[in-house]
Structures are given as structure tokens and as C-alpha cells.
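K.L.:
Got a structure for you, written out below as C-alpha cells; questions coming shortly.
The values are calculated or read from the model by the stated rules, or taken from the named source; none is laboratory data. All values reported here derive from a predicted model rather than from experimental measurement. So basically every Cβ, Gly included, is an ideal-geometry build from the backbone, and we count neighbours across all protein chains shown. The area values use the complete protein model at the heavy-atom level, side chains included, leaving out ligands, DNA and RNA. Shrake-Rupley method; radii C 1.70, N 1.55, O 1.52, S 1.80 Å.
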Amino acid sequence: MNAPSTASERLDHFALFDLPRKLWIEMSGLEQKFLQFSWKLHPDNFVNASPEEQERSLKRSSEVNDAYRVLRDPVARVEYLLEIEGARKEGEHKQQAPPELLEEVFELNESLDELRRAKEGGADLAALQSRLETAQQNFQQKLGEVDELLQATAQQWDAALEANAGDNDRKAIMVRLNELLNRRSYIRNLVTNVEKELQ
């Protein structure tokens, strides 16, 4: 197992845990390595160390925690992989409605506007809330479908790595992963907006 990196030789999260850049990770192995690092970098082990060594230990511990947090979350792991592969930049999310959802999104936004106006006017909200709850369930289902597609495409990425696929094949998979992440982000935001209005 690699030692946690110093600032001058910062490893990516996968390398930090001695993992290939695959999207399927055995969670028990990841957790075991994390616990080993946590024990090794625990402040009690550096009580008699110099202030500089204590500071380095805290920094390395923070890097390990960040890496573990990202790698244990399947969606964050995909985002991170795309980022380190140069296929996605931090904060670069295309918030466009997927074309096949445009009509549903338009209707949802109209319903949200109606609900806001009804709340302000003190009108009966029951019918609107019921319509929005149905829309929320529909988009929640779509979110699940996108997650399934994301998982299947992640498996394609892992298979391409194992087969030493060429750059073009890997880039095509990364484009698809990016599209799915953007779609997921858009739908998740819709679900969140509806949840907020229904409260």
C-alpha cells in the first residue's frame, strides 16, 4: 500500500489506495485500507513528533478522508474519474433539459408556478400538491433509470480498461458517462425543487 502523498507528490484518489482507475471498487477492501491509513495517521501516533510532522500528518489524513469520501460514493467516483482523465471540469455541468423530457419539464415548471401562486393567494393546494407528488415520483423513477444506465456504462469503462481498449473507445465511454452525469444532475435538481415546494 502506498503511503499517503505529500503535497509535492500528490496522488490521485485511486493511486492513494493502490486501486486501478476502475469504477467498480470492492467496498470492504477500500474500507480496510482507509482504516489502516486512519490508524497510521492518527494524531496519537504523532504526539511526540515535531510540529511540522504533525502538520504533515493532518494534511495526509485530510487527503485520505477526501479520497475515501469520493471513492465510496459511486456517482462522486465517476465524476472524479472523469475529472482526472480530463473529461470533466469541476463545476462544468450542462443544465439543459434532456430533449425527451422537455414537455414534462415544462408541465412541471407550470405546476410549480401554480403552486407558488396558490400558496401566496391562500388557494386550495390539494390538487396541485397531488399533481406535483405524481411528477416527483415520475422524475424519481427517471433518476433511478439514469443510475442504472450510469452503472452499466461504468461496467463498460471497467471492461475497456481490462481489455486495454484504445483511446477512442475510452473517450466514447467517458462522453457517455458525462452525458449521464449531466442528465442525472438535471433530474436530481428537478426532484429537489419539487421536494422544496411540497414542504
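K.L.:
Restricting attention to the range 28-87, which residues are crowded, with 18+ Cβ neighbours inside 10 Å and over 25 Å from Ala172 (Cα atoms)?
P.N.:
Selection gives Lys33, Phe34, Phe37, Leu41, Ser57, Arg60, Ser61, Glu63, Val64, Ala67, Tyr68.
K.L.:
To continue, here is another question. Using beta carbons and a limit of 8 Å, which pairs, at least six apart or on different chains, have the first residue in the range 126-148 and in contact (Cβ under 8 Å) with a residue 60 or more places away in the chain and the second one in a helix (DSSP H, G or I) and of a type in the set (Ser, Thr, Tyr)?
P.N.:
Note: pairs meeting the criteria are Leu132/Ser111.
K.L.:
Looking only at the range 88-105, which residues are among the aliphatic types (A, V, I, L, M) and either open to solvent by less than 60 Å² (accessible area, probe 1.4 Å) or at pLDDT 85 or above (or both)?
P.N.:
Scanning the range 88-105 gives Ala97, Leu101, Val105.
Quick grid of which residues meet (1) open to solvent by less than 70 Å² (accessible area, probe 1.4 Å); (2) in contact with a Leu (Cβ under 7 Å, 6 or more places away or on another chain); (3) charged (D, E, K, R); (4) under 26 Å from Ala87 (Cβ atoms):
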| position | (1), (2), (3), (4) |
| --- | --- |
| Arg131 | no, no, yes, no |
| Asp147 | yes, no, yes, yes |
| Ala159 | yes, no, no, yes |
| Thr192 | yes, no, no, yes |
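K.L.:
Okay, moving on. So is Ala154 touching a Phe, Trp or Tyr at 6+ places or on another chain (Cβ under 9 Å), in a helix (DSSP H, G or I), surrounded by 11 or more Cβ atoms within 10 Å (Cβ to Cβ) and at pLDDT 85 or above or not?
P.N.:
Judged against the criteria, Ala154 is a match.
Condition check ((1) of a type in the set (A, V, I, L, M); (2) open to solvent by less than 70 Å² (accessible area, probe 1.4 Å); (3) under 21 Å from Val75 (Cβ atoms); (4) part of a loop (DSSP other than H, G, I, E, B)) across all residues:
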site	(1), (2), (3), (4)
Glu107	no, no, no, no
Glu120	no, no, no, no
Ala165	yes, yes, no, yes
Leu181	yes, yes, yes, no
